[in-house]
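Q: The structure is given below, and queries will be raised subsequently.
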Amino acid sequence: NQLAENNEEGMFVTTFLAVYDLTTRELTFSNGGHNPPYVVRADGAVEQVAVRPGFVLGGMEGIRYRNQSIQMGIHDKLLLYTDGVTEAVNPQFELYAESRLEKVLEHTEKISPKETIEKIIGALKEFAGGAEQADDITMVVLQICK
């Protein structure tokens, strides 16, 4: 509500807040207009997390955010990313899109979070072919170790 107060410029921020329970391996989260994350399961399955869209922070007062949860397994990885990843463009102004991201995530189950991000960045650079990007490209990978 404070971010929306006196916000004549219409500024906003997307957010994805998550809390991981070490005992139950449950990831509880709330989405504020952010891209749906991906889970790379230990067996190699790639899943886009089904999230309620939620509304951006600062866009309007009185918005309620609801929690959701997913079960994580040992060695599963969670990828959080900004829309600059999927909205990256090449010289023909084609979007990188979720389908390309999903393809890169395949076969990343056995590599580290750092290597996963490096693999995505490499694929993005190859796709972009030197085209200037209009948005930030930010990623975080959380891997469950216990």
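One line per residue, one yes/no per condition, for (1) outside any helix (DSSP H, G or I); (2) within 16 Å of the chain's Cα centre (by Cα):
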{"residue": "Leu101", "(1), (2)": "no, yes"}
{"residue": "Lys119", "(1), (2)": "no, yes"}
{"residue": "Gly122", "(1), (2)": "no, no"}
{"residue": "Lys125", "(1), (2)": "no, no"}
{"residue": "Asp136", "(1), (2)": "yes, yes"}
{"residue": "Leu142", "(1), (2)": "yes, yes"}
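Q: Pairs please, first residue from the range 132-144 and free of Cβ contacts under 8 Å to residues at least 24 places away in the same chain, second anywhere and in a strand (DSSP E or B), Cβ atoms under 9 Å, 6+ apart in sequence or on different chains.
A: Glu132/Val89
Q: Something else: Looking at Gly73, is it in a loop (DSSP other than H, G, I, E, B), surrounded by fewer than 13 Cβ atoms within 10 Å (Cβ to Cβ), of a type in the set (Gly, Ala, Ser) and in contact (Cβ under 8 Å) with a residue 40 or more places away in the chain?
A: yes
Q: Assess whether Glu132 counts as being open to solvent by 80 Å² or more (accessible area, probe 1.4 Å), among the acidic types (Asp, Glu) and either modelled with pLDDT under 95 or touching a helix residue (DSSP H, G or I) at 6+ places or on another chain (Cβ under 8 Å) (or both).
A: It is true that Glu132 is open to solvent by 80 Å² or more (accessible area, probe 1.4 Å), among the acidic types (Asp, Glu) and either modelled with pLDDT under 95 or touching a helix residue (DSSP H, G or I) at 6+ places or on another chain (Cβ under 8 Å) (or both).
Q: Shifting gears a bit: Scanning the range 103-117 for residues that are open to solvent by 70 Å² or more (accessible area, probe 1.4 Å), part of a helix (DSSP H, G or I) and out of contact with any Ser or Thr (no Cβ under 8 Å at 6 or more places or on another chain), which turns out farthest from Gly44 (Cα to Cα)?
A: Among those that are open to solvent by 70 Å² or more (accessible area, probe 1.4 Å), part of a helix (DSSP H, G or I) and out of contact with any Ser or Thr (no Cβ under 8 Å at 6 or more places or on another chain), it is Lys114.
The values are calculated or read from the model by the stated rules, or taken from the named source; none is laboratory data. What you see is a predicted model; the values in this text were computed from it and never measured. All Cβ positions, even for glycine, are placed from backbone atoms using ideal geometry, and neighbour counts span all protein chains on display. Remember, those area values only see protein heavy atoms, side chains included, never the ligands or the DNA or RNA. Shrake-Rupley method; radii C 1.70, N 1.55, O 1.52, S 1.80 Å.
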